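Asker: Next up is a structure, given as structure tokens.
Every number in this text was worked out from the coordinates using simple rules, so none of it is lab data. Here the structure is a predicted model, which means the values were calculated and not measured. Here Cβ is always computed from backbone atoms with ideal geometry, including for glycine, and neighbour counts include all displayed protein chains.
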Amino acid sequence: MLNQLLIFVNFIKISTIFLFFISCNRIKNKGIEIAENTKNNIHEKSNNFRDKFLPKFDAYQADTKFNKRRFKDFIQIELTPDIRNIYCFDDATGIDSDYQFAFNCSKETADKLIKKHQMKSNDQSLDYAFSFQNDFKWWDKKKIKKLKLYYFNSDNNYYQYFWYDELEHQAYYFDFDM
């Protein structure tokens, strides 16, 4: 009987130690999870705060939340499901600034953009302001040169250019001042 009692007591001790280690491991894992979530949350809030003062443009990844924000800021039309693969770039250093956007959209959306910005068609222009534009995989100047140009310009040396490829549903928007 005493032997059985000792076995039972040892079993209780071993079980308690085992449960203690499992609990410690769970606590450790929960602590790591909380630390990672906190780190990610701080990083996200930091990016959002910084974006308010120095807007972020992501020229190397499509459809980031920052590119979608810049789309809304510059293009000023509703972000509908047909609008995707949004790339954008800014060069706002120096005395001039320029902004490039490339994205896929429907013809209807392209027409909304043209109307919203009061753009006019120009089949005669030989100056597409390519010298101000930066080179990216998503910004094909040779292709753009073959597309119909829509433009807006103000008396204050502010310009907006827009090209739309109806076959590929590809839009290119260039906003610049001098």
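Asker: Taking the highest mean first, how do the peptides 65-73, 83-91 order by number of other beta carbon atoms within 10 angstrom per residue?
Answerer: Going by the mean number of other Cβ atoms within 10 Å, highest first, we get 83-91, 65-73.
Asker: What order do you get for 80, 64 when you list them from fewest to most C-beta neighbours inside 10 Å?
Answerer: Ranked by crowding around the Cβ, least crowded first: 80, 64.
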